[in-house]
Amino acid sequence: MNDIIMSLRGLAGLSEKSILVGKHTIVYLEGGRGESILLLHGFGADKDNWNLFSKYLTKKYHVITPDLPGFGESSKIWSDQYTIAAQVERLHEFVKKIGLKKFHLVGNSMGGLIAGVYAATNPDEIQTLGLLDPAGVAGREPNQFSRELEKGSNPLIVESVSEYDKLLDFTFFKPPFMPAPLKSYFAEIAVQRKDFYKKVFIEATPGNQLEAVMARIRAKTLILWGDNDRVLSVSSAQVLQEGIRNSKVIILKDCGHMPMLERPEETARHYLEFIS
């Protein structure tokens, strides 16, 4: 494990654990005390996407950030399906196994879609819901990501180490500084896992899965979006605001698809104000 990642986990007060859920080993980070917050990463990402954000949470809250099955250090079983429904069910089993009863739930991108569907199907468990640039809203207008997919290219899947900078440029408005060893580490892992990610992307393709269940979400919901998200259009924020009764929208100016990484302190401040 890269020393920089370990250092960031330490600064956030998080330590690594693992648990067997059905056939899957789920690796997760945990730290802090207080009410529980469960953080879900997006497609091709992992639990460490939340370290910079979690640093501001663990002083007052109990934080859990799992690698969703198929990602990070959690198991990748080729014969399994990675649909959103399957991931929601696995997450529910994980939640029960680690003993969470009532908790705050947050997700980014694909993780936001999973979080939203989870909140709609298990409303009694969710104190508040946080949706950071979530997937699952039908496109109202073409964006850069949809145009790339139509051309047969998926900017979220890295075919070679040299393409990793393109991924960063695509997902961030202003990519945060990343030391060369850390960038190389992430790039090599992304290339190693590209074939599995292609399988998962096909099975989990979001469509309108969040939009279809948004009216069933009862939890107070924060919808936070970067105004320069090239992956998922910021126009989806209004769709969710109109469809989720008790919701609030915050748009971050000059920010891309992963605000908890690009603007962790600002994103955490908005989130903590929302749940306090």
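The values are calculated or read from the model by the stated rules, or taken from the named source; none is laboratory data. Here the structure is a predicted model, which means the values were calculated and not measured. Here Cβ is always computed from backbone atoms with ideal geometry, including for glycine, and neighbour counts include all displayed protein chains.
Within segment 1-21, residues that are under 19 Å from ILE37 (Cβ atoms) have Cβ atoms under 6 Å from residues that are in a strand (DSSP E or B) and acidic (Asp, Glu) in these pairs: LYS17/GLU30, counting only partners at least 6 apart in sequence or on another chain. Look through LYS220, LYS253 and report the one residue that is of a type outside the set (Ser, Thr, Tyr) and exposed (fewer than 15 other Cβ atoms within 10 Å of the Cβ). LYS253 is the lone residue from the list that is of a type outside the set (Ser, Thr, Tyr) and exposed (fewer than 15 other Cβ atoms within 10 Å of the Cβ). Could you check segment 223-235 and list, in sequence order, the residues that are in contact with a helix residue (DSSP H, G or I) (Cβ under 8 Å, 6 or more places away or on another chain) and either surrounded by fewer than 17 Cβ atoms within 10 Å (Cβ to Cβ) or outside any strand (DSSP E or B) (or both)? ARG230, VAL231, LEU232, listed by residue number. Across segment 2-34, the qualifying residues are those that are in a helix (DSSP H, G or I) and among the charged types (D, E, K, R), and the one among them that is nearest to GLN81 (Cα to Cα) is ARG9.
Screening SER75 with (1) surrounded by 14 or more Cβ atoms within 10 Å (Cβ to Cβ); (2) closer than 27 Å to LEU252 by Cα; (3) among the polar types (S, T, N, Q) gives one miss only, at (2). Filtering PHE177, PHE170 for residues that are buried (at least 17 other Cβ atoms within 10 Å of the Cβ), out of contact with any Leu (no Cβ under 7 Å at 6 or more places or on another chain) and not in a strand (DSSP E or B) leaves a single hit, PHE170. Take the conditions (1) more than 18 Å from PHE71 (Cα to Cα); (2) of a type outside the set (Ser, Thr, Tyr); (3) under 18 Å from the mean Cα position of the chain (by Cα); VAL239 misses just one of them, which is (3). In segment 120-167, the residue that is nearest to the chain's Cα centre (by Cα) out of those that are of a type in the set (Lys, Arg) and not in a helix (DSSP H, G or I) is ARG140. Is there a residue in segment 257-271 that is at pLDDT 95 or above, more than 22 Å from THR65 (Cβ to Cβ), under 18 Å from the mean Cα position of the chain (by Cα) and polar (S, T, N, Q)? Checked segment 257-271: no residue is at pLDDT 95 or above, more than 22 Å from THR65 (Cβ to Cβ), under 18 Å from the mean Cα position of the chain (by Cα) and polar (S, T, N, Q). Remark: pairs (first residue in segment 130-154, without any contact (Cβ under 8 Å) to a residue 40 or more places away in the chain; second residue exposed (fewer than 13 other Cβ atoms within 10 Å of the Cβ) and part of a loop (DSSP other than H, G, I, E, B); Cβ separation under 9 Å; 6+ apart in sequence or on different chains) = GLU150/PRO142. Starting from residues that are in contact (Cβ under 8 Å) with a residue 60 or more places away in the chain and part of a helix (DSSP H, G or I), keep the ones in segment 47-85 and report whichever is farthest from GLN209 (Cα to Cα). Within segment 47-85, the match that is farthest from GLN209 (Cα to Cα) is LEU52.
Can you tell me which residues in segment 31-66 are basic (Lys, Arg), closer than 12 Å to ALA12 by Cα and surrounded by 24 or more Cβ atoms within 10 Å (Cβ to Cβ)? Result: no residue meets the conditions. Restricting attention to segment 121-144, the residues that are surrounded by fewer than 21 Cβ atoms within 10 Å (Cβ to Cβ) and among the hydrophobic types (A, V, I, L, M, F, W, C) add up to 1.
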